[in-house]
Amino acid sequence: MGKPFLSLFFSNNSAGVEILISSLLNMLFPEKCPNCDKPAGGFWIAPFCENCWKDIMPYKGPLCDRCGKPLSSEIAHICHECLKKEPFFVRARSFALYKGTMAEAINLFKYSGIRRLGRPLGRFFNYMALPQVDAIIPVPLHIRRLLHRGFNQSLILSKVIAKNSGRPVLINVLSRIRDTVPQVSLKAHERRKNVRGAFTATSAVKGKNLLLVDDVMTTGATTEECSRVLKKAGAKGVYVLTLARAYEL
Ligand SMILES: [Zn+2]
Ligand SMILES: [Zn+2]
């Protein structure tokens, strides 16, 4: 019974099968790179092509020692904001600037649900000096946004770091208790106000050095508020690591 059915499927209907497979593949791997229209690269980096993916380079210019903000000159070591008010975190660093392929990849990962991009993106953290920490904490999403998106991009990135560093990821330790307007639509002072009181942390962080992980850091309002809450819950030190830094020089 099985043999005739299979032979029918593969010989007579092979064109149909091919169309089915190729349309499935096209769904999984859109053919064109969104940057340059060339064919997409391998499974993990698709829809980007190999060349555009290689364009993602670490930021090596001058930056604030404390918050990692890119600076326009090598002379200053601490930015104006950090001098005015010391951050709650020890140090914040980002792999690259939020632009080009990096920005597009983060957006596709986050907003278009191309979850597999989390792994190659997370691997960029391997090129960074990781601080000595006891545990990794992803910046949490509010449950409503988590249900809508289906995953927390910061948790996926945290898991890649955990795999390479051997440090555990602590989930449900830092939570977002208030849903907030997306920070991207707000000005700097509005961002701070927007996230104020949005997070809570449990005493599980007491005495620990923590690595707080997020995808993008812009004004730092979210990471600063998370750090404040973690410190208040007894964390010894909070280090911040993000994939990209959005900036305006
Ligand atoms: Zn390309
Ligand atoms: Zn700074």
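The values are calculated or read from the model by the stated rules, or taken from the named source; none is laboratory data. Bear in mind that the values here come from a model prediction, so they are computed numbers and not experimental data. The area values use the complete protein model at the heavy-atom level, side chains included, leaving out ligands, DNA and RNA. Shrake-Rupley method; radii C 1.70, N 1.55, O 1.52, S 1.80 Å.
Ignoring ligands, DNA and RNA, what percent of the accessible area of the chain is carbon or sulfur (1.4 Å)?
Whole-percent figure for carbon plus sulfur exposure: 57.
Could you give me the percent of Cα pairs per 5 Å distance bin for the range 23-129, shortest bin first, beginning at zero and ending with the bin that holds the maximum distance?
2, 11, 18, 19, 14, 11, 10, 7, 4, 2, 1, 0
What translational D, rounded to a whole number of µm²/s, comes out for the range 163-249 from Stokes-Einstein when the hydrodynamic radius is the Kirkwood one over Cα pairs, at 25 °C and 0.890 mPa s?
178 µm²/s
Distance between the C-alpha centers of the range 84-104 and the range 187-249? Whole Å please.
The two parts, judged by their Cα centres, are 11 Å apart.
Looking at the range 144-249, send over the antiparallel percent of its DSSP beta bridges, to the nearest 5.
Within the range 144-249, antiparallel bridges account for around 25 percent of the total.
Using Cα-only point scatterers and the Debye equation, what is log10 of I(q)/I(0) for the chain at each q in 0.09, 0.13 Å⁻¹, rounded to two decimals?
Values, matching the q order: -0.45, -0.83.
Structure shown: which of 54/84; 187/232; 163/231; 38/60; 54/236; 84/208 lie over 31 Å apart, alpha-carbon to alpha-carbon?
54/84; 54/236
Which whole-number value in Å² is the accessible area per residue of the range 62-245, probe 1.4 Å?
49 Å²
Let me have the 222 nm mean residue ellipticity of the chain computed from DSSP H runs of 4+ only, each contributing -39500 (n - 2.57), with the sum over all residues rounded to the nearest 500.
-10000 deg cm²/dmol
Between 141, 130, 186, which gets the highest mean-square fluctuation from a Gaussian network model of the chain, Cα cutoff 10 Å?
Maximum fluctuation in the GNM of the chain, among the listed residues, is at 186.
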